[in-house]
Amino acid sequence: MVHAKAEKPQQRRLIAPCTRDCPAGIDVPRYIGYVAQGKFAEAEAVVRERIPFPAVCGHVCYHPCEPGCRRSQMDAPVSINALKRAAADYGFELWRQRWEETIAPDTGRRVAIVGSGPGGLTAAYYLGKRLGHNVTVFEALPEPGGQLRVGVPHFRLPRKHLDAEISVIAETRVQIRTESRIEDLDELLNQGYDAILLAVGAMHPRKLGAPGEELPRVMDCASFLQAVNLGQKVNIGQRVAVVGGGNVAMDGARTARRLGGSEVRVLYRRTRQEMPAYAFEVKSAEEEGVIFDFLVAPRAVASQGKGLQAQLFRMELGQPDESGRRRPVPVPNSDFNIAVDTLLVAIGLEASVPSQWNVALKPDGTIKADPKTQETSRPGIFACGDAATGPVNVIEAIAGGRRAAEAIDRYLGGDGDISETLAPEPGDEMAYPSYLLNAGTWPPHQHEIPRDRRTSTFDEVEQGLTKEDAGHEALRCIRCDLWRIQGIPSVWPRKQAGNSAGSE
């Protein structure tokens, strides 16, 4: 490996595409530099400087940082999220060494947060630890975590990681009250809270809009996942159909296979190309035996013995709709029936904001909040996450929680500075590697439990990278954050001629 030491590169770096594309602004190249040296604890500290959920994100983030990776111009993007997970898997809390330095003095101010999903808990962490306020998080469910707890299956996110990171959040001036549904915001204000953050998510399922959807064996997929994830017994039978093509539908189908569904099929009204689910989620579902029926939609549902008869009709694609995808159009006289034991409906989630909160809403039912201050129509009441944006994903919710903490602190008279330094001072991880290093190599696959065992257990499917694989993968990073210092390589191997990477 060839290195050329740069003088104080941290002061003259470019913003790499991976950092630019991360909603939380994680310093991706620097933690990858640490992983390349086998310094996983240092890498974990870099990640934790921007988010309180490094392990959770390492498991469930949809990695928006990877498509723009400049390594793809040589062969394939760096497996950035897998390296983040490796940092959390093999780190040993080096970040604790500087922990006390970043605890702010108590301001005496009180903040209430309604909802304990990733956005609300992120805001709670920064408001309590970095900004010195006393925070109470109110959660209607019996356990904290929001969709991370009740929406993400155990085989994707073992709860030990979620529990561990929530416990860190609760260490400094953060109290979490479960089974505490908030009906009246004025009551909270009367209790002496100086500000309120609404982070209730979007957990209200959309209706199918077909006759028979009220039948007992027709379930919304979000409620199904919540029941399973909270340990409740759910009997779905052998034949299960899931209506929808998003990530919730994939989680529902994969969960149904683990509950004994021998024939689990996804019914989607468009084609595979239009599916909103991430490609890797669809691939995992297929590997586990889920059947996909495209260009079909339900017309009605009726009881049939102890199960159901779903009346379906075929679709064809017409002109693009407002989402940019081609609109599905019913094919005349194409009805047909299938017999199922359970029908799961996963056609989207919406915000459900109590009218007695008296906050202005947008046409889609989400809370209307100032895009800069995140303040609602009521002074001192803020909103973040899915409740304000509609359903997004974990890393965007975390980023929203960061912005909310900054805005609330400024409202309370502070400067909104939530930055913290937990990693060591920059060192050899900031050196520039040879751009020909590992040219033509491809990312390693994460280790997984065997396919023939997956549907018989809720054990985690992806086992992560070994230390050795993580180190090799980190060495594929071409450190484009340092190109201003060393100069941009003029020639390198590429998948296709004609595209050369430039500086920011």
Among (1) touching a His at 6+ places or on another chain (Cβ under 8 Å); (2) in the same structural domain as Gly132 (by TED's automatic domain parsing), which single condition is Arg85 missing?
(2)
Checking Pro216 against (1) surrounded by fewer than 15 Cβ atoms within 10 Å (Cβ to Cβ); (2) touching a residue at least 60 places away in the same chain (Cβ under 8 Å), the condition it does not meet
(2)
Picking from Gly231, Gly244, Gly260, which residue would you name as being surrounded by 18 or more Cβ atoms within 10 Å (Cβ to Cβ) and on the phi > 0 side of the Ramachandran plot?
Gly244
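Of all residues in region 438-473, count the ones that are of a type in the set (Val, Ile, Thr) and within 14 Å of Phe155 (Cα to Cα).
In the first step, residues of region 438-473 are kept if they are of a type in the set (Val, Ile, Thr); the result is 441, 449, 455, 457, 461, 466.
Next, from what is left, pick out any that are within 14 Å of Phe155 (Cα to Cα): 449, 455, 457, 461.
Going through region 438-473 one residue at a time, the tally reaches 4.
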If only one of Ala397, Ala405, Ala383 is among the aliphatic types (A, V, I, L, M), farther than 17 Å from Tyr193 by Cβ and crowded, with 24+ Cβ neighbours inside 10 Å, which one is it?
Ala397
Does Arg130 count as of a type outside the set (Asp, Glu), modelled with pLDDT of 95 or more and within 19 Å of Ile408 (Cα to Cα)?
yes
Here are Thr172, Thr178: which of them is touching an Asp or Glu at 6+ places or on another chain (Cβ under 6 Å) and either closer than 30 Å to Ala87 by Cβ or among the hydroxyl-bearing types (Ser, Thr, Tyr) (or both)?
Thr178
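Each row is one residue, and each column tells you yes or no for (1) within 19 Å of Val264 (Cα to Cα); (2) surrounded by 22 or more Cβ atoms within 10 Å (Cβ to Cβ); (3) in contact with an Asp or Glu (Cβ under 7 Å, 6 or more places away or on another chain).
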site	(1), (2), (3)
Gly192	no, no, no
Ile196	no, yes, no
Val200	no, yes, no
His204	no, no, yes
Lys207	no, no, yes
Gly212	no, no, no
Leu225	yes, yes, yes
For region 296-337, give me each residue that is among the aliphatic types (A, V, I, L, M) and buried (at least 18 other Cβ atoms within 10 Å of the Cβ).
Val296, Ala297, Val301, Leu308, Ala310, Leu312, Met315
I'm trying to understand the selection: among the residues of region 68-82, which are surrounded by fewer than 23 Cβ atoms within 10 Å (Cβ to Cβ) and either assigned by TED's automatic domain parsing to the domain that holds Tyr126 or part of a loop (DSSP other than H, G, I, E, B) (or both)?
Gly68, Met74, Asp75, Ala76, Pro77
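Test Ala86 against the criterion of being of a type outside the set (Val, Ile, Thr) and not in a loop (DSSP other than H, G, I, E, B), and give yes or no. Before the answer, list the steps.
Numbers: of a type outside the set (Val, Ile, Thr): yes; not in a loop (DSSP other than H, G, I, E, B): yes.
Judged against the criteria, Ala86 is a match.
Results for (1) surrounded by fewer than 24 Cβ atoms within 10 Å (Cβ to Cβ); (2) touching a residue at least 60 places away in the same chain (Cβ under 8 Å); (3) under 30 Å from Val228 (Cβ atoms), shown as yes or no for each residue.
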site	(1), (2), (3)
Asp89	yes, yes, yes
Thr102	yes, yes, no
Gly108	yes, no, no
Gly119	no, yes, yes
Leu157	yes, yes, yes
Ser167	yes, no, yes
Glu179	yes, no, yes
I'd like to verify a number: residues in region 338-356 that are more than 27 Å from Leu198 (Cα to Cα) and loosely packed, with under 14 Cβ neighbours inside 10 Å, how many?
1
Residue identified as in contact with a Pro (Cβ under 9 Å, 6 or more places away or on another chain), within 21 Å of Asn247 (Cα to Cα) and in contact (Cβ under 8 Å) with a residue 24 or more places away in the chain among Arg70, Arg85, Arg98
Arg85
Filtered residues of region 25-56 (kept if of a type outside the set (A, V, I, L, M) and within 19 Å of the chain's Cα centre (by Cα)):
Gly25, Asp27, Glu44, Arg48, Glu49, Arg50, Pro52, Phe53, Pro54
Filter region 260-295 down to the residues that are hydrophobic (A, V, I, L, M, F, W, C) and touching a residue at least 12 places away in the same chain (Cβ under 8 Å) and list them by number.
Val264, Val266, Leu267, Met275, Ala277, Val282, Ala285, Val290, Ile291, Phe292, Phe294, Leu295
Take the residues in region 357-380 that are at positive phi and crowded, with 16+ Cβ neighbours inside 10 Å, then tell me which one is nearest to the chain's Cα centre (by Cα).
Gln374
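Quick check on this structure: which one of Ala300, Ala360, Ala351 is at pLDDT 95 or above, in contact with a Pro (Cβ under 9 Å, 6 or more places away or on another chain) and either not assigned by TED's automatic domain parsing to the domain that holds Cys221 or not basic (Lys, Arg) (or both)?
Of Ala300, Ala360, Ala351, the one residue that is at pLDDT 95 or above, in contact with a Pro (Cβ under 9 Å, 6 or more places away or on another chain) and either not assigned by TED's automatic domain parsing to the domain that holds Cys221 or not basic (Lys, Arg) (or both) is Ala300.
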So, Asp459, is that one outside any loop (DSSP other than H, G, I, E, B) and outside the structural domain of Pro153 (by TED's automatic domain parsing) or not?
no
For region 55-67, name all the residues that are in contact (Cβ under 8 Å) with a residue 40 or more places away in the chain and assigned to a loop (DSSP other than H, G, I, E, B).
Cys61, Tyr62, Pro64, Cys65, Glu66, Pro67
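What residue, of His161, His154, is under 30 Å from Arg257 (Cβ atoms), at pLDDT 95 or above and touching a His at 6+ places or on another chain (Cβ under 9 Å)?
When all the criteria are applied, what remains is His161.
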Wholly enclosed helices (runs of 4 or more DSSP H) of region 144-209 bearing at least 2 residues in contact with a strand residue (DSSP E or B) (Cβ under 9 Å, 6 or more places away or on another chain)
159-169, 185-190
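The values are calculated or read from the model by the stated rules, or taken from the named source; none is laboratory data. Everything quoted here is computed from the prediction, not taken from an experiment. Counting neighbours? That spans all protein chains shown, and the Cβs are built from the backbone with ideal geometry, glycine included.
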